[in-house]
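Following: one structure in C-alpha cells, then a few remarks.
Since every read-out is calculated from the coordinates, none of them should be taken as a lab result. Since this is a predicted model, take the numbers as computed values, not measurements. Counting neighbours? That spans all protein chains shown, and the Cβs are built from the backbone with ideal geometry, glycine included.
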Amino acid sequence: MCQFYGIDIVVHRSEASSLGNSWTLVYGRRKIGKTFMLRNFCKWDYYITVARDGNFWLDGGEVNRLPDINELVQFISKSLRTGKTVILDEFQRLPNGAIEKLTTAHPSGTLILSGSNMGVVKSITGTSSPFLGLVKEVRIGLIHPRNLVKFAGSGSFLDYMVYLRDPWLIPLMSGKSILRDLYNIVAHATWTIPSLVGEVFIEENRKLTAIYEGITRSIGAGRGRPPEIASLLYARGIIKHNSSSAIAPYIRNLQRMGILKELKLYKRKGVIYRMLSPIFSVFYYISDKYPLEYNPPSFATAKKNLTRIHSLCYEDFIVGLLARILDKYVIYSTSPEIDGILVDHKGRPAVAVEVKHGMINKTEISNFLTKTDDIRTRVVVSKNAQDYDDVIAFTPDMVINCIRQWKIPGF
C-alpha cells in the first residue's frame, strides 16, 4: 500500500488473472511489480525466493529457509506432485542442472517462475532449455490504466497516470505538482533508472552493456530511428559498422524485455522507437540536456525542458490509450507532424489524434484538419475541448470517463 496525495493506492494487477493453473514464466524488468502481484494477487501454497547470496527463502512452509539446493529441488518436486502451487522468484540464479530436475514433475501442480533479466527468457525459451514448450510466457509491463482509474478524482489525474503505471514511482510522487515531482525523481535517481535498464542485461559483458545503454540514451534523447541510432553509436566507437543491422538484435531484446516500443511511420518506410516507460523518456531527455550525474540543474533551469518532455509523454499516453480502447494500432507521422494516427488491423488509417496538454486554439485545430484531410475521423484532446466542425473533442475529465467505461462515445 502506498500513499499518494492522501490516497491509499493498492493496485490490483489484471495480469494476475491470466496466470491460471498452468506452468508459467513471469518476466519483466525490475521494479515493474512482479513480486507484489505474485505475493498479493495470486493463490500459492509456497513462495520461494532465490537470494543473490545463495539462500533459498521459503514462505508458507514449516521452515523459512531451505538448507541447500538438493533440498530445494526435492521440496519443489514433491510439492508439485501433490498438486501444490509453487512460485519460484529469481529462479535464473539456480544452476541449469537444478532447473532441469524440476521438469521431471511436469505437468503436476502449478509452477510459476519469475525473473527480471534476459537470462530468464533465454534459460526458458532457448533451444536447449529443458523448459522449452512446458511453460507459457507472461510479460509484466506497465500497469493497465483501468487498474489505476479508480484513484482518479478528476481529469488532472491524467498527468500522474502517465507515470504511476510504473509502480515504483507511486510512493515517490506527492501528487501536488507533476513538474516538481518529475524533477525530484530525475535529479535524485541519477543511477536508479540506468540500473533498472542495465539489470535486464546483467549477464551480458561490458561491451554489450555499452551498446544497450547507447541505444536507450539515443532513443530517450529523441533520436529513435535505427539509422540515427547506429550513426551515433558508430561515431562514439561503440559499434564497428554504421548500419541499422548492427543494432537490430539489441533493439529486439530491449523490446522483448519491455524497455522499448516500435512505431511504424505514416506513408514512409521504416520505424521509430520510443521508451515504453515515460519516466525513462523524461530521465534520458533531461540527462541529454544537463550533466545529471555531476551537477543536476535547479528546478527553475530545468522547468522548460521538463514541461516539453512531460507534454510529449502526456500526448504519447493519450494516443496509446485511445488506440487500446478502440482496438487500433498507433503509427507515427513526422512529415506532417501529427501526434498520432490510429490504424486498423490491415494498416488502414482510421483516426487522427491531436493532443494538447493545455489549451488549444482554432488556428491549431484548423492546421490539424488540413494535415489530416485524408483521414475521416479526427479527435482533439485538450483542456478547453468543445464542439468543432469535423472534430470529436474530449477534455481530460472525459478521457477519465472513457477509461472507466473502456469505451469512447461516438465510436
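Using the Cα gyration tensor of the chain, with a ≥ b ≥ c the square roots of its eigenvalues, what is the shape: rounded (a/c below 1.5), prolate (a/b larger than b/c) or oblate (neither)?
Details: a/c = 1.81, a/b = 1.58, b/c = 1.15.
Judged from the Cα gyration tensor, the chain comes out prolate (a/c at least 1.5, a/b above b/c).
Cross-link partners among aspartates and glutamates for LYS150, C-alpha distance below 12 Å, same-chain residues fewer than 8 apart left out?
Straight-distance partners of LYS150: ASP8.
Using helices alone, I'd like the mean residue ellipticity at 222 nm for the chain: each DSSP H run of four-plus residues gives -39500 (n - 2.57), total over residue count, nearest 500.
After summing the helix terms and dividing by residue count, I get -11500 deg cm²/dmol.
Please enumerate, by chain and number, the lysines with C-alpha under 20 Å from the C-alpha of LYS136, excluding those fewer than 8 residues away in the same chain.
Within the straight-line limit of under 20 Å, LYS136 reaches these lysines: LYS34, LYS43, LYS84, LYS101, LYS122.
State the answer as a single residue: which of ILE331, PHE368, GLY220 lies farthest towards the positive end of the charge dipole of region 212-371, with beta carbon charges of +1 for Lys and Arg and -1 for Asp and Glu, about the Cα centre.
It is ILE331, whose Cα lies furthest towards the positive end.
Note the angle between two axes, namely the Cα long axis of helix 362-371 and the longest principal axis of the Cα atoms of the chain, as a number of degrees from 0 to 90, rounded to the nearest 10.
It is inclined by approximately 70 degrees.
If you fit an axis through the alpha-carbon atoms of helix 396-405 and take the longest principal axis of the Cα set of the chain, what angle between them do you get, 0 to 90°, nearest 10?
On a 0 to 90 degree scale, this one is about 40.
If I model a spin label at VAL271 and ASP53 as a point 7 Å from the Cα along the Cα→Cβ vector, what separation in nanometres do I get?
So the two model labels end up 4.3 nm from each other.
LYS269: which lysines have alpha carbons under 23 Å from its alpha carbon, excluding same-chain residues fewer than 8 sequence positions away?
Candidates past the 8-residue exclusion: LYS261, LYS328, LYS346, LYS371.
In the Gaussian network model of the chain, springs joining C-alpha atoms below 10 Å, which of GLY220, GLY347, GLY133 carries the largest mean-square fluctuation?
GLY133
Quick one: which residues, 5 or more positions from LEU260 or on another chain, have an amide H under 5 Å from its amide H? H modelled 1.01 Å from N in the peptide plane, none for Pro or chain starts.
It is GLN255, LEU276, by chain and number.
Who wins for biggest fluctuation among ILE69, ILE318, ILE193 in a Gaussian network model of the chain, springs between alpha carbons below 10 Å?
ILE69
So in the chain, what percent of DSSP beta bridges are antiparallel if you round to the nearest 5?
Once the DSSP bridges in the chain are tallied, antiparallel ones form about 45 percent.
Below 8 Å, C-alpha to C-alpha, sequence gap of six or more: please give me the relative contact order for the chain in percent.
13
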